[in-house]
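K.L.:
I'd like to ask you about the structure that follows.
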Amino acid sequence: MTSPALAPAPLTEIWRGSLLESLHLGHAVICNGAGEVVQSWGNPDALIYPRSSCKMIQALPLLTSGAAARYGLSSEQLALACASHNGARIHIDRVSSWLDQLGLGEGDMRCGAQMPKDEEVMRALIKTDDSPCQIHNNCSGKHAGFLTLSQHLGAGSEYHEIDHPVQQACQEAFEEATGETSPTYGIDGCSAPNFACTVTGLARAMGWFSSAHTRATRADQAAVDLRTAMALHPELVAGEGRACTALMRDMGGKVSVKTGAEGVFVAILPEQQLGIALKVADGATRASECAITALLVSLGALDPNSPSAKAYLNAPITNWNGIHCGEMRPAAELVFTA
C-alpha cells in the first residue's frame, strides 16, 4: 500500500454548486537548472510515461547529430518536431514540404493515419469521402524529424523500432536529460518508443532545458534552439483552441510548454531557470491543463488575467442553456507563493 506521504496529491477540483463533485489527484515537481527539486506534490518518484510531453527531448539528436544543420532546418521545422498538432493546413503543408525536402513521401512515415482535429481539414476530408493519411497524424512533425535523422545517419527505413539508431539516440538523450536510466518503455500512439522516467526526472530535464543558455555544449545549444522554436511558433506546436498554444502566446515567448497524453504536462521557464512536470493520476487532460496553469501563475510566468489563465484556471462550467453550474479550479494545496 502507498504511504500517505507518497500518495497522489489533490491537483484539480470540479465544483458544481456548493459540492465538490470531482477531484483529480496526481504528482507535480518543480526543478531548478541544477536538477534540484524546488517543490513537489504527491510522489516525486512516481514512474510515468511522459508521452508527447518529452518531444523536445526526442528532438535533441536531430540537432546534436548535425542533421538539422545539414538540411538547413528552420525554427518552424524544429517546432513541428516537438509538436502534437491539430492537422491544420499550417501543419500538414509544412510537414509535406519537409518530406519533399528529404526526397521522401507519406509512405515513408511510420506514425499511422489519424483523423485531424482541425475542423476545416476534417470536414474537407469528410465532404470528399477521403481518408486521412499519416501527415494528418498529430505526431507527423516528430516523425519528419526522425526521418531526417535517419537519412543523415544512413540508417534503415524502420526508424521507429527500438533497436534503430534513431531510437537508440533518443534513449541516450532522454536518459542524459532526465538523469535516470529508463527502466522500461512503451509504444506510443504514433508507434515510437516512449521511455519511462520519474516525475522528478522529467522535471529535471525541463530544468536542464531552462538553464541551457548558461552553458556552451552542443546539447545545450540544441536545447536552447528547440525551446526557442516552440515559444516562437506556438501555433505549430499545437494549434487553435489548444492549451499549449494559448499559454505560450500569453507568455509572450518567454516560456515553452508541452502537453502529453494521459494527463502529463511540462513547462520550461528560462528566465527563472525552472522546469515543471506533472502527471494527473487518472489521465484527465482538463486537470493537467488547470494544474499547469496554476503553477505558471504562481511562479509569475503567466498573468492571472490573461485569456488562457481565465480559460484554464477557475474555468466556469456551463450547461447547454449557458447557465453557470460550477467551475474547475486548482486544489488549494497546489496554489503557492514562489
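The values are calculated or read from the model by the stated rules, or taken from the named source; none is laboratory data. This is a predicted model, so every value here is computed, not measured. Using ideal geometry, Cβ is built from the backbone for each residue, glycine included, and neighbour counts are taken over all protein chains shown. Only protein heavy atoms, including side chains, enter the accessible area calculation; ligands, DNA and RNA are left aside. Shrake-Rupley method; radii C 1.70, N 1.55, O 1.52, S 1.80 Å.
K.L.:
Scan region 310-325 and report the pairs whose first residue is touching a residue at least 40 places away in the same chain (Cβ under 8 Å) and closer than 22 Å to residue 292 by Cα and whose second residue is of a type in the set (Ser, Thr, Tyr) and surrounded by 14 or more Cβ atoms within 10 Å (Cβ to Cβ), with Cβ atoms within less than 9 Å and a gap of 6+ or a chain change.
P.N.:
311/293; 312/293
K.L.:
Sticking with this one: Within region 14-34, is there a residue that is crowded, with 20+ Cβ neighbours inside 10 Å and part of a loop (DSSP other than H, G, I, E, B)?
P.N.:
Within region 14-34 (the criterion being crowded, with 20+ Cβ neighbours inside 10 Å and part of a loop (DSSP other than H, G, I, E, B)), the answer is yes, since at least one residue qualifies.
K.L.:
So, one more: crowded, with 23+ Cβ neighbours inside 10 Å, at negative phi and either small (Gly, Ala, Ser) or in contact with a helix residue (DSSP H, G or I) (Cβ under 6 Å, 6 or more places away or on another chain) (or both): which single residue out of 236, 202, 232 fits that description?
P.N.:
Numbers: 202 fails: either small (Gly, Ala, Ser) or in contact with a helix residue (DSSP H, G or I) (Cβ under 6 Å, 6 or more places away or on another chain) (or both); 232 fails: crowded, with 23+ Cβ neighbours inside 10 Å.
The conditions single out 236.
K.L.:
Touching a Pro at 6+ places or on another chain (Cβ under 8 Å), part of a strand (DSSP E or B) and under 21 Å from residue 48 (Cα atoms): does that describe residue 257?
P.N.:
No, not satisfied.
K.L.:
Right, another one. Determine whether region 10-17 contains at least one residue that is under 21 Å from the mean Cα position of the chain (by Cα) and in contact (Cβ under 8 Å) with a residue 12 or more places away in the chain.
P.N.:
Looking through region 10-17, at least one residue is under 21 Å from the mean Cα position of the chain (by Cα) and in contact (Cβ under 8 Å) with a residue 12 or more places away in the chain.
K.L.:
Also, quick follow-up: Taking only region 285-300 into account, find how many residues are open to solvent by 10 Å² or more (accessible area, probe 1.4 Å) and either in contact with a His (Cβ under 9 Å, 6 or more places away or on another chain) or under 15 Å from residue 244 (Cβ atoms) (or both). Quick ask: steps written out before the conclusion?
P.N.:
Going residue by residue through region 285-300, those that are open to solvent by 10 Å² or more (accessible area, probe 1.4 Å) are 285-286, 289, 297-300.
After this cut, where a residue has to be either in contact with a His (Cβ under 9 Å, 6 or more places away or on another chain) or under 15 Å from residue 244 (Cβ atoms) (or both) as well, the list is 285-286, 289.
The qualifying residues number 3.
K.L.:
Additional query: Can you give me the number of residues within region 301-326 that are buried (at least 16 other Cβ atoms within 10 Å of the Cβ) and over 28 Å from residue 272 (Cα atoms)?
P.N.:
Qualifying residue count for the region: 1.
K.L.:
Please verify whether region 258-273 includes one or more residues that are within 15 Å of the chain's Cα centre (by Cα), open to solvent by 20 Å² or more (accessible area, probe 1.4 Å) and under 30 Å from residue 18 (Cβ atoms).
P.N.:
Among the residues of region 258-273, not one is within 15 Å of the chain's Cα centre (by Cα), open to solvent by 20 Å² or more (accessible area, probe 1.4 Å) and under 30 Å from residue 18 (Cβ atoms), which makes the answer no.
K.L.:
Related question: Going through region 184-243 one residue at a time, which ones are more than 17 Å from residue 82 (Cα to Cα) and not in a helix (DSSP H, G or I)?
P.N.:
Correct list: 184, 185, 186, 187, 196, 197, 198, 211, 215, 216, 217, 241.
K.L.:
Identify all residues within region 173-187 that are of a type outside the set (A, V, I, L, M) and surrounded by 23 or more Cβ atoms within 10 Å (Cβ to Cβ); write none if there are none.
P.N.:
174, 178, listed by residue number.
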